[in-house]
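Right, one structure below, let's go through it.
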Amino acid sequence: MTALLAISDLHIGYAENRRILEDLRPGDPSDWLLVAGDVSEEVAGLEWALTLLSRRFAKVVWVPGNHEMWTHPSDPVQLRGEERYQHLVKVCRSLGVVTPEDPYPTWTGPGGPAVIVPLFVLYDYTFRTPDAETKEEALALAYAKDVVCTDEFLLHPDPHDSRDAWCAARVAETERRLAALPPGVPTVLVNHYPLVREPTLVLRHPEFAIWCGTERTADWHLRFNACAAVYGHLHIPRTTWHDGVRFEEVSLGYPREWRSRPTPPGRLRQILPVP
């Protein structure tokens, strides 16, 4: 049966993960695949992975993770910020892969119709612990506990003043597009980060949550009629429900993480029809 499937956080810099990606196959030639970010830190790695997947699946939809947005010293492509993002969009378009900058496609297979909405809205340090009232306090706590995301060194917001300023601009533009959708049509919202804060409450290091989303999207699953929300980033694959809406964390994660799980790594999560 045709299905809408999803995975994220493939991190193909690890040889074991690269082999898992090479083995990914659709169950049916008409399956669609949602890829919710963190495929590779290098542009060439992302292009290789999406080339392989776009040849196997009827349609591939990609959203950037923070790792794709890093300007990593090992990557020959040293573009930063907005220029890097637009370059990745251009690479995806050359492969026929849908990005957050493209018209939203509609899934008409089993469980549909549903508009597939790829998102790139970043984070703004608002997922703070109760003892931090400001971004500055939250960052100070994270640094004091040595829980600091590499984004602070490699994810540049150029030409925006800060990552949170870039997030605000992305949220505003995305809200405009979402508001233009036909009313009442179900959506599948796809983002690298969780749209609501609750999934971050299980993090081993709660200080890390400030790099995991924005309070600005907390009601999007209700306002924009989501039948499902897909995300990654946390490396805690699971299904949760928020306000009656199904949230799917679809990460593969690092080998040291998936080796300890009882389920085989690299299983694609079925989003529609509802399993």
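Since every read-out is calculated from the coordinates, none of them should be taken as a lab result. Bear in mind the structure is a predicted one, so any value in this text is a computation, not a measurement. Here Cβ is always computed from backbone atoms with ideal geometry, including for glycine, and neighbour counts include all displayed protein chains.
Take the residues of the stretch 49-79 that are basic (K, R) and more than 19 Å from the chain's Cα centre (by Cα): which is nearest to L5 (Cα to Cα)?
Restricting attention to the stretch 49-79, the residues satisfying the condition of being basic (K, R) are 55-56, 59.
Right, trim to more than 19 Å from the chain's Cα centre (by Cα) and you get 55-56.
Values: R55: 15, R56: 13 Å.
Looking at the filtered set, the residue picked out is R56.
For every residue, the table says whether it meets (1) charged (D, E, K, R); (2) in contact with a Cys (Cβ under 8 Å, 6 or more places away or on another chain).
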| site | (1), (2) |
| --- | --- |
| P194 | no, yes |
| P206 | no, no |
| A218 | no, no |
| F224 | no, no |
| A229 | no, no |
| G244 | no, no |
| R269 | yes, no |
Tally the residues that are in contact (Cβ under 8 Å) with a residue 60 or more places away in the chain and not hydrophobic (A, V, I, L, M, F, W, C), restricting the search to the stretch 66-83.
7
So, in the stretch 124-182, exactly how many residues are touching a His at 6+ places or on another chain (Cβ under 8 Å) and either surrounded by fewer than 16 Cβ atoms within 10 Å (Cβ to Cβ) or without any contact (Cβ under 8 Å) to a residue 12 or more places away in the chain (or both)?
2
Is it the case that some residue within the stretch 55-76 is touching a helix residue (DSSP H, G or I) at 6+ places or on another chain (Cβ under 7 Å) and farther than 23 Å from P157 by Cβ?
yes
Can you run down the residue pairs with Cβ atoms below 7 Å, 6 or more apart or on separate chains, where the first is in the stretch 255-274 and in contact (Cβ under 8 Å) with a residue 60 or more places away in the chain and surrounded by fewer than 18 Cβ atoms within 10 Å (Cβ to Cβ) and the partner is outside any loop (DSSP other than H, G, I, E, B) and not aliphatic (A, V, I, L, M)?
P255/E16; P255/N17; P265/W258; G266/D23
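Just checking, does the stretch 126-133 include any residue being of a type in the set (A, V, I, L, M) and under 18 Å from the mean Cα position of the chain (by Cα)?
Step one: filter the stretch 126-133 for residues of a type in the set (A, V, I, L, M), giving 132.
Retained after the next criterion (residues that are under 18 Å from the mean Cα position of the chain (by Cα)): none.
Checked against the condition, which is being of a type in the set (A, V, I, L, M) and under 18 Å from the mean Cα position of the chain (by Cα), the stretch 126-133 yields no hits at all.
Within the stretch 197-250, take every residue that is β-branched (V, I, T) and under 13 Å from Y123 (Cβ atoms) and give me the one that is surrounded by the fewest Cβ atoms within 10 Å (Cβ to Cβ).
Taking the stretch 197-250 first, the residues β-branched (V, I, T) are 200, 202, 210, 214, 217, 230, 236, 239-240, 245, 250.
From what's left, under 13 Å from Y123 (Cβ atoms): 200, 210, 214, 217.
Values: T200: 20, I210: 25, T214: 23, T217: 25.
Among residues in the stretch 197-250 that are β-branched (V, I, T) and under 13 Å from Y123 (Cβ atoms), the one surrounded by the fewest Cβ atoms within 10 Å (Cβ to Cβ) is T200.
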Tell me, please, whether a residue that is out of contact with any Leu (no Cβ under 8 Å at 6 or more places or on another chain) and farther than 25 Å from E257 by Cβ can be found in the stretch 5-17.
no
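Conditions tested, residue by residue: (1) more than 17 Å from R80 (Cα to Cα); (2) in contact with a strand residue (DSSP E or B) (Cβ under 7 Å, 6 or more places away or on another chain); (3) among the polar types (S, T, N, Q).
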position: K145; (1), (2), (3): yes, no, no
position: V148; (1), (2), (3): yes, no, no
position: D158; (1), (2), (3): no, no, no
position: E173; (1), (2), (3): yes, no, no
position: N191; (1), (2), (3): yes, yes, yes
